[in-house]
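Okay, so here's the structure we're looking at.
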Amino acid sequence: MTTLPRFTVHRAQTVEEASDLLDRFGDDAVVLCGGTELLLVYHFGFADYPDLVDIKDIEELRGIAVDGDQLRIGATVTHREIERSPIVMEHFPALAAMERHVGNIRVRNQGTIGGNLCFADPHSDPATFLIAAGGAVTVRRGGADARRIPIESFVRGPFETALEPGELLVAVHVPRPRPGTAFVHRKMSFHERPAITVAAHVAVAGGRVAEARLAVGSVGVAPVRAAAAEEHLAGLDAARPDPSALAAAGVAAAEASSPVADSNGSIEYKRHLVGVLTGRVVDEAIAAARGA
Ligand SMILES: Cc1cc2nc3c(=O)[nH]c(=O)nc-3n(C[C@H](O)[C@H](O)[C@H](O)COP(=O)(O)OP(=O)(O)OC[C@H]3O[C@@H](n4cnc5c(N)ncnc54)[C@H](O)[C@@H]3O)c2cc1C
């Protein structure tokens, strides 16, 4: 049996207190939220910070609310809370559906949306989803103004984010889908975490694809928006989307996602997966937007 290294948990009540603690303990300290990633890292001996700054009591980091045309989701909200939230189910059911397939029930009960994004594991459902949805995060350190950062700029690479020292992710903001739009998120997993995630946000007007936002994740070092793939979708006949345009979008998405070889497969295999899954996701999203 592995013994965890000794550590002290400091419970912060405000962002100011958390930043003070992080400043005071410096390189010895790390933020603790649900602990599903952090305690695994300790368990495998990859980290042994003696001071953990627990942020779960901080009111500013809690809650799910409608904020104008957006949803605001506090950083410490768990996957399970999002999945079951009546507000999310009413205003963005695709977000609840995506959360329902994150990990397993234990991970969803304990793990948070903020912890998922801050850990920046490349195999993330919410990061891919939120890029396609045009989401952003608010980050703040005590005593300073909040910074708002689009998700694609926040997640910089494997286990790397735009957070500055002493800063916390405070909330996630996601625009509510407009009428006539549909959102589809799909993944494939061979192990615990997704091997590929594809999300598409499609708007149909006058029987044609008026707008498409596409994101691909989990195959490369970070999730990306596949802007070149979106260009193949603009103007498509929504009743009979041209299969060659969907295939071209898949090729462009595979190019944008820059797959890396790992235990989920070779670069060539992942490019193929991205192509196939992108075509299916987009086809499904166009059909759903047509009926929306
Ligand atoms: C078995 C298993 C299966 C999984 N399957 C999936 C899956 O299918 N899809 C998927 O997307 N994810 C999956 N995950 C990842 C899961 O979503 C994350 O583990 C979880 O969301 C992390 O949240 P947490 O609160 O536990 O983070 P913690 O472990 O508490 O923290 C993670 C990291 O983020 C930092 N941090 C946390 N919150 C903040 C904040 N507000 N501000 C600044 N820094 C912060 C911590 O310092 C730490 O470095 C899986 C994980 C496991 C263990």
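The values are calculated or read from the model by the stated rules, or taken from the named source; none is laboratory data. Everything quoted here is computed from the prediction, not taken from an experiment. So basically every Cβ, Gly included, is an ideal-geometry build from the backbone, and we count neighbours across all protein chains shown. Remember, those area values only see protein heavy atoms, side chains included, never the ligands or the DNA or RNA. Shrake-Rupley method; radii C 1.70, N 1.55, O 1.52, S 1.80 Å.
Here are some notes:
- Taking the accessible area of the range 42-128, probe 1.4 Å, and keeping the other protein chains in place, the carbon and sulfur fraction comes to 52%.
- For the chain, the membrane-span-like helix rule (DSSP H, alpha carbon extent of at least 20 Å along the helix axis, mean Kyte-Doolittle at least 0.5) picks out 243-257; this says nothing about an actual membrane.
- Cβ-Cβ FRET estimate between ARG148 and ASP237, R0 fixed at 35 Å, reported to 0.05: 0.40
- Accessible area per residue, Å², the chain with all protein chains present, probe 1.4 Å: 46
- The range 59-175 - Debye-derived log10 I(q)/I(0), Cα point model, q = 0.15, 0.20, 0.21 Å⁻¹: -0.59, -1.09, -1.21
- Segment ALA162..ARG11, full-extension length gain: 52.0 nm, with 0.36 nm per residue of separation and the alpha-carbon distance subtracted.
- Among beta bridges from DSSP that stay inside the chain, the antiparallel ones total about 85%.
- Built amide H within the under 5 Å cut-off of VAL221, gap 5+: none
- Only the Cβ atoms of Lys and Arg (+1) and of Asp and Glu (-1) were treated as charged; on that basis the dipole of the chain about its Cα centre amounts to roughly 900 debye.
- The tail of the calculated P(r) for the chain beyond 29 Å holds 35 percent of all Cα-Cα pairs.
- Distant-in-sequence amide H partners of LEU32 (H built 1.01 Å from N, under 5 Å): VAL53, ASP54, ILE55
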